[in-house]
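The values are calculated or read from the model by the stated rules, or taken from the named source; none is laboratory data. Predicted, not measured: the structure shown is a model, and the values here were computed from it. Glycine also receives a Cβ, built like all others from the backbone with ideal geometry; neighbour counts cover every protein chain displayed. For the accessible areas, the whole protein counts, side chains as well, though only heavy atoms, and no ligand, DNA or RNA atoms are used. Shrake-Rupley method; radii C 1.70, N 1.55, O 1.52, S 1.80 Å.
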Amino acid sequence: MNVKTMEGLTGASTNMSMISIPIGVAKEAEHKGDTEKVKRALGYAADLVDQAEEYSEKTSKGMELDAKEAKEQEKLRQEELIEARKAEREEQKKQEESSLDSVKISEEGKYQAEMTGSSAPAAIDSSKSAAYDKSGVSVEPAAEPGKNVDVSA
């Protein structure tokens with residue numbers, strides 16, 4: 001809270017609570033018929049009202065300053081958040097770029113690949129069909145694939 005706001009609120013509150021004193025004196029003087037005392041008391045009351053209005057204006061100015069400062073703080077906070085998000089996105093891009101899988105094969109690995117590549121079994125011919133007995137051993141098929149075999153005999 002701004003200093004002007006605090007000062008304005010306390011000053012206005014104090015002056016408004018102090019008005020009851022000259023008003024009470026004015027009422028008492030009016031009952032007694034003392035018009036001079038009534039005029040003086042109402043003059044004091046009017047001065048206190050004027051001071052309360054001045055403090056009220058000071059409060060308004062202080063509140064405007066508070067609002068302006070709050071807007072500036074909010075704007076700065078938003079800018080900081082935007083910058084933080086930009087930095088976060090850049091960091092994510094860097095991580096994505098660096099997290100791509102890449103493999104480097106050492107000289108020893110290349111040598112082993114050449115050695116195992118030469119001793120690798122020949123590719124399996126998928127056009128040949130195989131038959132297996134109950135024990136799982138491969139046996140030659142009885143007939144060529146695609147030919148009809150008579151099993152009625």
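Just a few scattered comments:
- Pairs with Cβ under 7 Å, 6+ apart, first in segment 67-79 and farther than 16 Å from Met1 by Cβ, second open to solvent by 90 Å² or more (accessible area, probe 1.4 Å) and outside any helix (DSSP H, G or I): none
- Residues (charged (D, E, K, R), in contact with a helix residue (DSSP H, G or I) (Cβ under 6 Å, 6 or more places away or on another chain) and touching a residue at least 40 places away in the same chain (Cβ under 8 Å)) located in segment 11-60: Lys58
- Qualifying residues in segment 26-36 (those that are part of a helix (DSSP H, G or I) and open to solvent by 60 Å² or more (accessible area, probe 1.4 Å)) - the one farthest from Leu9 (Cα to Cα): Lys32
Residues are listed down the side, and each one gets a yes or a no for (1) under 33 Å from the mean Cα position of the chain (by Cα); (2) of a type in the set (Phe, Trp, Tyr); (3) open to solvent by less than 100 Å² (accessible area, probe 1.4 Å); (4) at pLDDT 95 or above:
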| position | (1), (2), (3), (4) |
| --- | --- |
| Val38 | no, no, yes, no |
| Tyr44 | no, yes, no, no |
| Val49 | no, no, yes, no |
| Thr59 | no, no, yes, no |
| Glu64 | yes, no, no, no |
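- Scanning segment 129-138 for residues that are hydrophobic (A, V, I, L, M, F, W, C) and modelled with pLDDT under 75 turns up Ala130, Ala131.
- Breaking point among (1) at pLDDT 90 or above; (2) surrounded by 12 or more Cβ atoms within 10 Å (Cβ to Cβ), for Gln73: (2)
- Counting only residues that are open to solvent by less than 100 Å² (accessible area, probe 1.4 Å), hydroxyl-bearing (Ser, Thr, Tyr) and at pLDDT below 65, segment 103-128 holds 3 of them.
- Here Met1 passes the criteria (1) surrounded by 13 or more Cβ atoms within 10 Å (Cβ to Cβ); (2) touching a residue at least 40 places away in the same chain (Cβ under 8 Å); (3) not small (Gly, Ala, Ser) except the one numbered (1).
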